[in-house]
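The values are calculated or read from the model by the stated rules, or taken from the named source; none is laboratory data. Computed from a prediction, not measured in an experiment: that's the story for all the values here. Heads up, the Cβs are rebuilt from the backbone with ideal geometry, glycines too, and the neighbour counts pull from every protein chain shown.
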């Protein structure tokens with residue numbers, strides 16, 4: 001079976017280095033908020049091109065704590081998209097904030113500058129821009145400028161786009177804060193859960209450091225409201241320090257494999273992403289097809305796994321029934337059509353060729 005992502009092959013590739021890192025942490029006797037985390041935070045901030053990175057327990061906490069650190073509170077209205085798996089929206093609900101849903105573009109699956117402009121004109125208190133499937137949201141630099149002109153915080157959701165660039169700058173370097181997930185299947189993933197928030201402002205970084213550690217200003221003294229226990233541990237930090245130097249190389253490999261799909265997929269009923277440049281790190285290779293269930297069943301017969309990212313838009317989730325009535329035609333159409341094909345650095349050209357042949361042989 002050709003899997004969507006084969007973590008076993010990744011672990012085998014890095015196993016000697018991972019074992020060395022494990023031994024180093026065990027020998028240190030320091031398991032939480034120690035030298036490995038401090039080193040990774042410094043290295044990751046430098047990679048993104050910002051001044052600070054604050055490791056947290058997972059990507060969802062990263063979004064919630066970033067919002068808190070930038071002053072978002074209960075009752076605030078925050079602009080976000082509805083086609084990214086409910087992750088940002090869930091954080092907003094935890095805060096008691098209200099989502100203002102922006103529609104996305106069919107071709108990019110990301111929010112447009114025009115939609116961000118509309119949200120700002122509607123008076124939102126913050127904007128979250130998601131770089132979906134590995135693609136940097138087109139116009140993120142313009143969005144950042146628009147938000148700055150109005151004094152509205154911009155948070156980048158980079159959970160699927162580690163290393164993507166716009167005009168030479170990496171995603172995460174545009175907003176007031178940016179959130180990353182290090183879930184194992186991410187382009188930069190650990191061996192468990194993990195996340196980080198990056199920023200340039202020292203006050204924001206200080207707030208994040210307090211929020212991830214109960215809201216402490218000093219040990220056992222809670223001064224910052226909304227704090228929690230959300231820390232990136234030493235083992236995950238050590239593993240991420242191994243993977244980080246290979247990230248650009250692995251992203252280039254993902255783009256190379258994606259180009260094989262772009263060249264080979266010629267089925268007239270299948271829409272294929274074509275913009276495979278430095279703006280896209282191909283976390284997921286997502287096609288569009290109207291008869292999705294039929295194609296997925298055909299591919300399963302050919303031993304090719306698929307997935308849907310994501311089948312239920314946020315504004316149609318049961319938890320938001322009656323609370324998020326908004327017309328999002330592109331978002332809803334994508335939810336019916338998107339289908340994810342396998343794409344990860346350890347795939348071979350032969351693997352890609354098999355998927356291509358399997359898709360092209362489909363007869364609905």
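General observations
- Among the residues making up region 238-260, those that are surrounded by fewer than 22 Cβ atoms within 10 Å (Cβ to Cβ) and either over 17 Å from residue 276 (Cβ atoms) or under 18 Å from the mean Cα position of the chain (by Cα) (or both) are 241, 242, 243, 244, 245, 246, 247, 248, 250, 252, 255.
- Exclusive hit being surrounded by fewer than 17 Cβ atoms within 10 Å (Cβ to Cβ) and either touching a helix residue (DSSP H, G or I) at 6+ places or on another chain (Cβ under 6 Å) or modelled with pLDDT of 95 or more (or both), set 292, 288, 263: 263
- Criterion (touching a strand residue (DSSP E or B) at 6+ places or on another chain (Cβ under 9 Å) and without any contact (Cβ under 8 Å) to a residue 24 or more places away in the chain) met by exactly one of 321, 272: 272
- When region 345-361 is filtered for residues that are more than 15 Å from residue 259 (Cβ to Cβ) and crowded, with 21+ Cβ neighbours inside 10 Å, only 359 remains.
- Going through (1) closer than 24 Å to residue 155 by Cβ; (2) in the same structural domain as residue 91 (by TED's automatic domain parsing) one by one, residue 218 falls short only on (1).
- Selection from region 295-316 of residues that are assigned to a helix (DSSP H, G or I) and surrounded by 16 or more Cβ atoms within 10 Å (Cβ to Cβ): 295, 296, 298, 299, 314, 315
- For region 195-222, filtered to residues that are over 19 Å from residue 67 (Cβ atoms) and in contact with a helix residue (DSSP H, G or I) (Cβ under 8 Å, 6 or more places away or on another chain), the residue that is surrounded by the most Cβ atoms within 10 Å (Cβ to Cβ) is 216.
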